[in-house]
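Colleague: Okay, here's the structure, questions in a sec.
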Amino acid sequence: MDPIINLIIFICLGVAGLALSVLAVSAKSLLRSATYLLLVLICTAGFYLFLNYHFLAAVQISVYAGGVVILFIFAIFLTSNKGDVLQKHQTQKYILGALAALGGIAVTAFAFWKHQFVYGVDNHTIDGDQEINMKVIGEALMGTEKYQYLLPFEVLSLLLLACIIGGILIARKR
């Protein structure tokens, strides 16, 4: 693909992701915030597709955009009344949030300037020639040896089960 088109796609995804993430934390309705979060996660999947990481894009859409946001929406419906609006925060919380955001920008800028980016005609990873095989990913996810992730996967499933049970208990109290 033409480098100019790549740059345009990257800028569009970045601007959309940034704008939607600001809307997700500043919306007055919890349901709108969850919707904006869904769109931010879809933009993140677009970044993965842009980098030729098709497996990560599929996981991003199916697990995060499809699963976690739906759990958030169920939790919002179970715990809030119709027409609930978020309360205004104190000015001190806005200042602390802005300082945290500036700290995150500073850490990102430091990592950006210290990293050696490789981009050129001879780099095969740009075209996706060096993409990892699905069998290797599957063995890494379901293996029990060093640098394999079966135990964290099972712990995460128990955490999600505890969240579901907690949501049911909160809903039953009403």
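Colleague: Given a Förster distance of 45 angstrom, what is the FRET efficiency for residue 88 paired with residue 140, based on the Cβ-Cβ distance and rounded to 0.05?
Modeller: Efficiency computed from Cβ-Cβ geometry: 0.45.
Colleague: About the Cα centre of the chain, how large is the charge dipole given +1 on each Lys and Arg Cβ and -1 on each Asp and Glu Cβ? Please answer in debye to the nearest 20.
Modeller: Taking the Cα centre of the chain as origin, the dipole is about 1280 debye.
Colleague: If you take the charge dipole of the chain about its Cα centre, with +1 on Lys and Arg Cβ and -1 on Asp and Glu Cβ, which of 56, 7, 153 is farthest toward its positive end?
Modeller: 153
Colleague: Which lysines, on any chain, are close to residue 93 with Cα under 26 Å apart, when same-chain ones fewer than 8 places away are left out?
Modeller: Candidates past the 8-residue exclusion: 28.
Colleague: Ranked highest first by the average count of other Cβ atoms within 10 Å around their residues, in what order do 107-115, 31-39 fall?
Modeller: 31-39, 107-115
Colleague: Then there's this: Between Rg and the Kirkwood Rh of the chain, both from Cα atoms, what is the Rg to Rh ratio?
Modeller: Result: Rg/Rh = 1.02.
Colleague: Students often forget the sequence filter, so: which lysines lie under 18 Å Cα-Cα from residue 146 once same-chain residues fewer than 8 apart are removed?
Modeller: 135
Colleague: What number, in percent, do you get for the relative contact order of the chain if the mean sequence gap of Cα pairs under 8 Å and at least 6 apart is divided by its residue count?
Modeller: 17
Colleague: A further question follows. For a protection proxy built on the mean count of beta-carbon atoms within 10 angstrom, sort 135-148, 46-59, 15-28 highest first, please.
Modeller: The densest-packed peptide leads the list: 46-59, 15-28, 135-148.
Colleague: At 222 nm, what value in deg cm²/dmol follows for the chain if DSSP H runs of at least 4 each add -39500 (n - 2.57) and the sum is divided by all its residues, to the nearest 500?
Modeller: Working: 7 runs with 119 residues, N = 174.
For the chain, the value works out to -23000 deg cm²/dmol.
Colleague: Length gain on complete extension for the stretch residue 26 to residue 151, per 0.36 nm per residue less the alpha carbon to alpha carbon distance?
Modeller: Extra length available between residue 26 and residue 151 comes to 41.3 nm.
Colleague: What is the distance, in nm, between label points placed 7 Å from the Cα along the Cα-to-Cβ direction at residue 105 and at residue 168?
Modeller: 4.6
Bear in mind that the values in this text are calculations on the coordinates, not laboratory data. This structure is a prediction, so every number in the text was calculated from the model and none was measured. Heads up, the Cβs are rebuilt from the backbone with ideal geometry, glycines too, and the neighbour counts pull from every protein chain shown.
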